[in-house]
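The values are calculated or read from the model by the stated rules, or taken from the named source; none is laboratory data. Worth saying up front: this structure is predicted, and the values here are computed from it rather than measured. Neighbour counts are summed over all protein chains in view; Cβ atoms, including those assigned to glycine, are modelled from backbone coordinates with ideal geometry.
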Amino acid sequence: MRTADSRGGTPPLTPPVAPAAPRTAATAPAEPPGPAVRHGVVLFLTCLALGAVVSAMASLNVALPSLARDTHADQTQLSWIVDAYSLAFAALLLPAGALGDRFGRRLALVAGLTLFAAGSALAALTTDPSRLIALRGLLGAGAALVMPATLSTLTTTFPREQRARAVSAWTAVAGGSAVAGLLASGLLLQAWSWRSVFLLNVVLAVVAAAGTLVFVPESAESERPRLDLVGALLAVAGLFALVCSAIQAPTRGWGDPLTLGGTGLGVLVLAGFVGWELRREHPLLDPRLFRNRRFAAGSASITLQFFVFFGFIFVAMQYLQLVRGDSPLTAAVSVLPMAAALVPATRLSPRLVERFGARRPWTAGLVLVAAAMAVLSRLDTGSPYGLVVAGLVPLGAGTGLAMTPATTEITDALPRALQNVGSAMNDLSREVGGALGIAVLGSVLGAGYRAHLHLPAGLPPAAARAARSSLAGASAAGGPAAGQARHAFVAGVHQTLLAGAGVALLAALVVTLLLREAPSRTTR
């Protein structure tokens, strides 16, 4: 009989569907014992691999204006170029995590990095928007193999007394890599084209893969259950239907039958996924794990946080370059105050949790994110940079405060044998949140832009088409359409960032409600 968890709520759950054959070991060496593990090197390499795949989600945002001009991609295609990566990443995380469990986490890391490097090399050679969308999906598939393997490698390689610090470092890299990717892309775009962003991916992936082969020990589950192919297909189909519907909504309309039908289909398929997983002996993700309120709170918080975070990055890079007129490097440097606040807050968060319990710094961080988005929603065509900083600093600090306890609760809610499930769920929450954030907030931006765009009479048809397609198209066309398009874009930014503030407040409410009866923790 289970007793109450000392941290509040129900105790950590193992899948209850197979009690007669519990796992007795989380990992089993795939090779004979070798030299002692060099934990510092393992931490560096896993964080390098993590940084490569996380930065790729955000780094291309800096190149969107030049990419739009070179490829003639419209606003919807730009959303797809960015979001194809996140969608493939999110949809394949659970089966990719299962493959890492079954065949080895080091093998999953190397295979994922190889796929990531190959897709990036091919993407640097094309200018067709449709091919770029497909290749970004290929990069996302490689990233799905990499990300869960990084965290589960740390949680199964590091001794328990060092694990919290390793997870904290992993969390800081996961949060800071997006901004680092923006800065690196801005530097590259000063001298080269957007293709150099993909070439940087190749370099990082090759270095991380080579180091992993040499220094990272192999680990895999002692038991190898059958892979849940049906569950994987249901997860992919459901997420694809939801994201596709959100991205196409601005052009078709939110009330269009295809938009509503696609959204409803996605929800039904994901409901079918839950029903299927409940009947599986070895599910990709056991829905009963969400009975643990801290596991549920962490998953919901991460999803909503990254919904806001990556949606904001998608909007901000276009605003800074196309409205303020910043260069790619200036735009990337402009968001550094967010990183300057995020990384210290991420490192400080474990100390605050130890002193005050998880709920207070966690919810305070989410409220800070909401306040930051409300401040940033006041930006217009002539706003001073000081207003940008006034929003970026609390956005970074709030994200850092909330990320660490959310990530720690997800992994700590599960026993050692299910650490890859926990890391995959953490990563899935991030990528689903990011994919939906770019899709939904990008759609709100696109709809607001089109609704407020009033082109001057007598505009040549080609310039009118370019202006309606995207702000980048209007800027390239020049003339009076460019000024009108900037004002329309800013109106869309107002709506989009206010929606992001509402989502952050929703996350704070969810965490408060799920943890309302949980006693504060002073020790781990």
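Of all residues in the stretch 96-118, how many are outside any helix (DSSP H, G or I) and aromatic (Phe, Trp, Tyr)? So the answer is 0.
I'm trying to understand the selection: among the residues of the stretch 127-172, which are more than 30 Å from SER79 (Cβ to Cβ) and in a loop (DSSP other than H, G, I, E, B)? So that I can check it myself, show each step before the final result.
Just the residues of the stretch 127-172 that are more than 30 Å from SER79 (Cβ to Cβ), to begin with: 152-169.
PHE158, PRO159, listed by residue number.
Going by the conditions given, is VAL179 surrounded by 24 or more Cβ atoms within 10 Å (Cβ to Cβ), at negative phi, in contact with a helix residue (DSSP H, G or I) (Cβ under 7 Å, 6 or more places away or on another chain) and part of a helix (DSSP H, G or I)? It would help to see each step written out before you state the result.
On the way: surrounded by 24 or more Cβ atoms within 10 Å (Cβ to Cβ): yes; at negative phi: yes; in contact with a helix residue (DSSP H, G or I) (Cβ under 7 Å, 6 or more places away or on another chain): yes; part of a helix (DSSP H, G or I): yes.
In short, yes.
Could you tell me whether any residue of the stretch 271-288 is of a type in the set (Val, Ile, Thr) and modelled with pLDDT of 85 or more? Write out each step before concluding.
Filtering the stretch 271-288 down to residues of a type in the set (Val, Ile, Thr) leaves 274.
If we keep only those that are modelled with pLDDT of 85 or more too, we end up with 274.
Taking every residue of the stretch 271-288 in turn, at least one turns out to be of a type in the set (Val, Ile, Thr) and modelled with pLDDT of 85 or more.
Taking the condition of being buried (at least 17 other Cβ atoms within 10 Å of the Cβ), under 22 Å from the mean Cα position of the chain (by Cα) and not hydroxyl-bearing (Ser, Thr, Tyr), how many residues in the stretch 347-357 meet it? Don't jump to the end; show me each part of the working.
Here is the first cut: in the stretch 347-357, the residues buried (at least 17 other Cβ atoms within 10 Å of the Cβ) are 349-350, 352-353, 357.
In the following step, the residues that additionally are under 22 Å from the mean Cα position of the chain (by Cα) were identified as 349-350.
Next cut, not hydroxyl-bearing (Ser, Thr, Tyr) only: 350.
Number of matching residues: 1.
Taking each residue of the stretch 254-269 that is closer than 19 Å to ARG450 by Cβ and looking for partners that are charged (D, E, K, R) with beta-carbon atoms closer than 6 Å, six or more apart or interchain, yields LEU258/ARG252; THR259/ARG252.
Entry remark, the stretch 190-223: residues being modelled with pLDDT under 85, over 20 Å from GLY100 (Cβ atoms) and assigned to a helix (DSSP H, G or I) number 2 in total. Taking the conditions (1) over 26 Å from MET425 (Cα atoms); (2) among the polar types (S, T, N, Q); (3) touching a Lys or Arg at 6+ places or on another chain (Cβ under 9 Å) in turn, SER130 satisfies each one other than (3).
If only residues of the stretch 52-69 that are modelled with pLDDT of 80 or more and either of a type in the set (D, E, K, R) or under 12 Å from the mean Cα position of the chain (by Cα) (or both) are counted, the one that is nearest to ALA111 (Cα to Cα) is VAL53. Go through (1) assigned by TED's automatic domain parsing to the domain that holds ALA397; (2) farther than 28 Å from SER79 by Cα for VAL274 and report which single condition fails. VAL274 satisfies every listed condition except (1).
With respect to GLY298, determine if the residue is of a type in the set (Gly, Ala, Ser) and either free of Cβ contacts under 8 Å to residues at least 40 places away in the same chain or touching a Pro at 6+ places or on another chain (Cβ under 6 Å) (or both).
Criteria not met by GLY298.
Select, from ALA341, ALA372, the only residue that is of a type in the set (Gly, Ala, Ser) and under 14 Å from ALA507 (Cβ atoms). Criteria check complete, one pass: ALA372. Would you check if there is a residue in the stretch 131-148 being over 17 Å from ARG105 (Cβ atoms), over 21 Å from the mean Cα position of the chain (by Cα), surrounded by fewer than 24 Cβ atoms within 10 Å (Cβ to Cβ) and at pLDDT 80 or above? Looking for residues that are over 17 Å from ARG105 (Cβ atoms), over 21 Å from the mean Cα position of the chain (by Cα), surrounded by fewer than 24 Cβ atoms within 10 Å (Cβ to Cβ) and at pLDDT 80 or above, one finds at least one in the stretch 131-148, hence yes.
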